[in-house]
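All remarks here apply to the structure that follows.
The values are calculated or read from the model by the stated rules, or taken from the named source; none is laboratory data. Predicted model, so just to flag it, every value in this text is computed and none were measured. Cβ atoms come from the backbone with ideal geometry, glycine included; neighbour counts cover every protein chain shown.
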Amino acid sequence: MAILWRDMKEVDIHEGIENTLLILNHKLQFLIEVIKNYRHLPLVECYPAQLNQVFMNILNNAIDALLDHKADSDKSKKIIINTFNIDDVYIKVGIIDNGSGIRPEIKNKLFDPFFTTKPVGKGTGLGLSICYQIIDKHNGKIEVISEFEQGTEFIILLPIKTQLN
């Protein structure tokens, strides 16, 4: 699948996340609390449309996981977004949900093209594969930490200045 690469800019990552949340607001349905722990970040040189696609895929998957998860009635459904500056070179974005987590046997397949855990007609299996390509193209890293029945965290490391891969 071709990804268009144009219009590299210096952008506020928080603005991209906020715009993505605005688009996904209808899916949150007042059932999911979004907690934002935003630290001061420098402007990041990137392809903003591509990074917004990464945020869209990861947040959309988190929302789906929470809406599909039959949680204890005492446990509220949450997405936590953490951002901070690691050093003069990288920033970090963490997106955490307290959904059902990912089974250990499928964790290594998450970024494979056409791999999906969603029912037929709901997912193509391309979202996380595309996320991986986009972050890789920015010379960043994306990884997942998950415990089955405990939730999932996607960690994105991005260089502040992108040297294209």
task = Note down all Cβ pairs under 9 Å where the first residue falls in the stretch 1-29 and is farther than 10 Å from residue 44 by Cβ, the second is surrounded by fewer than 14 Cβ atoms within 10 Å (Cβ to Cβ) and modelled with pLDDT under 95, and they're at least six residues apart or on different chains.
result = 1/113; 5/164; 8/164
inquiry  = Scan the stretch 51-70 and tell me whether some residue there is touching a residue at least 24 places away in the same chain (Cβ under 8 Å), in contact with a Phe, Trp or Tyr (Cβ under 6 Å, 6 or more places away or on another chain) and assigned to a strand (DSSP E or B).
reply    = no
remark   = Of the listed residues (38, 90), the one being surrounded by 13 or more Cβ atoms within 10 Å (Cβ to Cβ), modelled with pLDDT of 95 or more and touching a helix residue (DSSP H, G or I) at 6+ places or on another chain (Cβ under 6 Å) is 38
request  = Within the stretch 30-50, work out how many residues are farther than 19 Å from residue 93 by Cα, touching a residue at least 24 places away in the same chain (Cβ under 8 Å) and part of a loop (DSSP other than H, G, I, E, B).
outcome  = 1
